[in-house]
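Novice: Here's a structure for you.
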Amino acid sequence: MGRFATPSTAPTISVQTGPRVSLCINRAVNLSIVPTSDMKQWGVPDRWSSPLETLTTGRGDCEDYANVKYVALLDAGIRREDVRLAVVHDVLRNEDHAITVTRVDGEWIALDNRWLTLVRDGELRRMIPRFVLDNTGVRAFVPETEATRLAHVTRPPSSKPS
């Protein structure tokens, strides 16, 4: 519920409107902010601005877009369990990049400042997740490999101290 919403006027997101809300937020934020590096805007290599600061200056880089979208989705009534900010590695550009992801109809979709459309996470083949930030904190992604799968299966039981 938004700060000024009352229970009777609080926005609700239905299965039919979830994708529309996400699409509107993605486009509105993308068209409201001019892409600007932290070095050019703040004189530092990396700085995560607050959503209010980003909207006030009208400038930001990928994590600034992602922060604004994260807050906007929550304010629109999307459940906090269904919204995440992800830091991914874009293998084609060989750079890290921040996006917002939200669950719609049981499927995670990405809101990216590089695209006006929504993209299902399964279609993000060129992006490797590194970290996820949400209402529970920050988690690092560890790519699952054959070795890590086997480690879960063959891990010996913990021994008790004598």
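Novice: How do the pairs read when you match residues in segment 74-95 that are over 17 Å from Cys24 (Cα atoms) with residues anywhere that are aromatic (Phe, Trp, Tyr), using Cβ under 6 Å and keeping only pairs 6 or more apart or on different chains?
Specialist: Leu85/Tyr70; Val87/Phe131
Novice: In this structure, does Arg84 turn out to be at pLDDT 95 or above, basic (Lys, Arg) and closer than 16 Å to Asn135 by Cβ?
Specialist: yes
Novice: Right, here's the next one. Which condition does Ile99 not pass, out of (1) over 19 Å from Thr36 (Cβ atoms); (2) touching a residue at least 12 places away in the same chain (Cβ under 8 Å), if it passes all the others?
Specialist: (1)
Novice: Could you check, for segment 54-65, whether at least one of its residues is among the β-branched types (Val, Ile, Thr), in a helix (DSSP H, G or I), out of contact with any strand residue (DSSP E or B) (no Cβ under 7 Å at 6 or more places or on another chain) and at pLDDT 85 or above?
Specialist: Yes, some residue in segment 54-65 is among the β-branched types (Val, Ile, Thr), in a helix (DSSP H, G or I), out of contact with any strand residue (DSSP E or B) (no Cβ under 7 Å at 6 or more places or on another chain) and at pLDDT 85 or above.
Novice: Shifting gears a bit: Considering only residues that are over 17 Å from Arg84 (Cα atoms), surrounded by fewer than 17 Cβ atoms within 10 Å (Cβ to Cβ) and either in contact (Cβ under 8 Å) with a residue 40 or more places away in the chain or not aliphatic (A, V, I, L, M) (or both), which ones fall in segment 43-71?
Specialist: Scanning segment 43-71 gives Gly43, Pro45, Asp46, Arg47, Glu53, Thr56, Thr57, Gly58.
Novice: Here's a follow-up. Which one is nearest to Tyr70 (Cα to Cα) among residues in segment 18-35 that are outside any helix (DSSP H, G or I) and touching a Phe, Trp or Tyr at 6+ places or on another chain (Cβ under 9 Å)?
Specialist: First, pick out the residues of segment 18-35 that are outside any helix (DSSP H, G or I): 33-35.
If we keep only those that are touching a Phe, Trp or Tyr at 6+ places or on another chain (Cβ under 9 Å) as well, we get 33, 35.
Details: Ile33: 15, Pro35: 18 Å.
Ranking the candidates gives Ile33 first.
The values are calculated or read from the model by the stated rules, or taken from the named source; none is laboratory data. Worth saying up front: this structure is predicted, and the values here are computed from it rather than measured. Virtual Cβ from ideal backbone geometry, glycine too; neighbours counted across all protein chains shown.
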